[in-house]
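Inspection log for the structure reproduced underneath, given as structure tokens.
The values are calculated or read from the model by the stated rules, or taken from the named source; none is laboratory data. Model, not experiment: these values are computed from the prediction. Note: accessible area is taken over every heavy atom of the protein model, side chains too, but ligands, DNA and RNA are not part of it. Shrake-Rupley method; radii C 1.70, N 1.55, O 1.52, S 1.80 Å.
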Amino acid sequence: MRLLTELQKKIIRVLQKEIPLTPCPFAAMASSVGITEDEFIKEMKELKERKILRRVGAVIQHRRAGFMANALCVFSVPSDRVDTVGQRISSEKTVSHCYTRKTTPDWPYNFYIMVHATTHEQCEEIANRIARENDLGERVTFYSVKEWKKASMKYFVEE
């Protein structure tokens, strides 16, 4: 496993910030780390090929965009079906998070999805459809009541 170079860490720090609203945002970002736009893009491509960088994209403030309901749905999925179910559900456009966690004696749920919609009713319809199409049993659903913090993780932050 190759470690990240100091230049790549600088690029990651810059990519975690807001994209500059200029005609050539990658040129501005490149300049901030002391390289050319072509070098910046080449390094981003390498990070993507190495699966360190997944994508560069916009972060939507979902509530401001009208998606007022989000639900964390938890299921108990047999271990021999987790990969199949996970691959299928993770392709759902209304699902932003899809992951497994370990169970405990008093919490049998190992499969978690986050569903987004404009209303609670739509979230329920989506969750019911996903459960039906994937032959999932009992579900527990948690709706957000108040958003305290929503931020992407920041890596290689300079103190």
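For the chain, the mean residue ellipticity at 222 nm estimated from helices alone is -10500 deg cm²/dmol, where every DSSP H run of n ≥ 4 contributes -39500 (n - 2.57) and the total is divided by all residues, rounded to the nearest 500.
Computed in the context of the full set of protein chains, the accessible area of region 12-75 at 1.4 Å probe radius has 57% of its extent on carbon or sulfur. In the chain, the convex hull through the Cα atoms has an average projected area of 13.0 nm², a quarter of its surface area.
With the contact rule set at Cα under 8 Å and sequence spacing of 6 or more, what percent relative contact order holds for the chain? It would help to have the intermediate numbers written out before the result.
Working: 174 pairs, mean separation 38.0, N = 159.
After rounding, I find 24 percent.
Dividing the Cα convex hull volume of region 40-79 by residue count, how many Å³ per residue is that? Can you show the working numbers first?
Values: hull volume 4.4 nm³, N = 40.
Taking the convex hull of the Cα positions in region 40-79, it is 109 Å³ per residue.
Note on Lys42: lysines with a C-alpha under 16 Å away, same-chain residues under 8 apart excluded, are Lys9, Lys10, Lys51.
Given 4 °C and 1.567 mPa s, how large is the Stokes-Einstein diffusion coefficient of region 102-159 in µm²/s, with Rh as the Kirkwood radius over Cα pairs? For these conditions, the coefficient is 90 µm²/s.
Please calculate how many Å² of accessible area the chain carries per residue, with a 1.4 Å probe and no DNA, RNA or ligand atoms counted. It would help to have the intermediate numbers written out before the result.
Values: 11600 Å² over 159 residues.
Ligands and nucleic acids excluded, the figure is 73 Å² per residue.
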